[in-house]
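The values are calculated or read from the model by the stated rules, or taken from the named source; none is laboratory data. Just so it is clear, the model here is predicted, and its values are computed rather than measured. Cβ atoms come from the backbone with ideal geometry, glycine included; neighbour counts cover every protein chain shown.
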Amino acid sequence: MRASLIAERYARALLDIGIERKNFEQLGRELDRVAELFTFDEVRQLFRNPKFGAEARKGVLAELLRRVMVSPICRNFLFFLVDRDRIGVLPEITTSYHELADAHAGRVRARVTVARKLAEPDLNRLRMMLQKATGQQVIVEQEEDPELLGGVITRIAGRIYDGSVRTQLDTIRT
């Protein structure tokens, strides 16, 4: 089974619990904090090491979780992942969780690529335009690309809107 499908199933299960208990936003933030720990090579290698059994991994995880402070629901979910040998899929689970939670809350994320970070008024104007176009609340994530001459490239809901100067110049040339 593909990792993305596995991740989506686990994410859906946790989201369902979060919706039922009305704390799905909090669970998303907790998953982010834990997933951030897995960006460190030492942590990833420890959980991939076959020399450590599930109980040893859960002991290490329990200590890590004390530092980032998560709810019992999140802690039990993570222990369940260790028991099922799926903790290595946590980054994908976290991504799937946010996609599903956003859909549940009527939100969509937009990744905006710009040459330089947009000023807050410009960012708000862009957010309002995207919200009007999609009919949903839009969470804008900026990404800088110094090679971009100017303009904006927006990725939202599986679509790319290329308003970069380079694309406009290429269009004029043809």
Inset, instruction - Being surrounded by 15 or more Cβ atoms within 10 Å (Cβ to Cβ), under 15 Å from the mean Cα position of the chain (by Cα) and touching a residue at least 24 places away in the same chain (Cβ under 8 Å) narrows it down to one of Thr113, Thr94, so name that one. - result: Thr94
Legend entry - Filter result for the condition that a residue is exposed (fewer than 12 other Cβ atoms within 10 Å of the Cβ), over 29 Å from Leu14 (Cα atoms) and at pLDDT below 95, over Thr174, Thr167: Thr174
Legend entry - Those strands (runs of 3 or more DSSP E) lying entirely in segment 95-174 with at least 2 residues more than 22 Å from Arg29 (Cβ to Cβ) and among the small types (Gly, Ala, Ser): 159-164
Inset, instruction - Give me a count of the residues in segment 13-55 that are basic (Lys, Arg), farther than 13 Å from Thr94 by Cβ and loosely packed, with under 15 Cβ neighbours inside 10 Å. - result: 4
Legend entry - Filtered residue count, segment 140-154, keeping only those that are surrounded by 15 or more Cβ atoms within 10 Å (Cβ to Cβ) and either among the small types (Gly, Ala, Ser) or within 20 Å of the chain's Cα centre (by Cα) (or both): 5
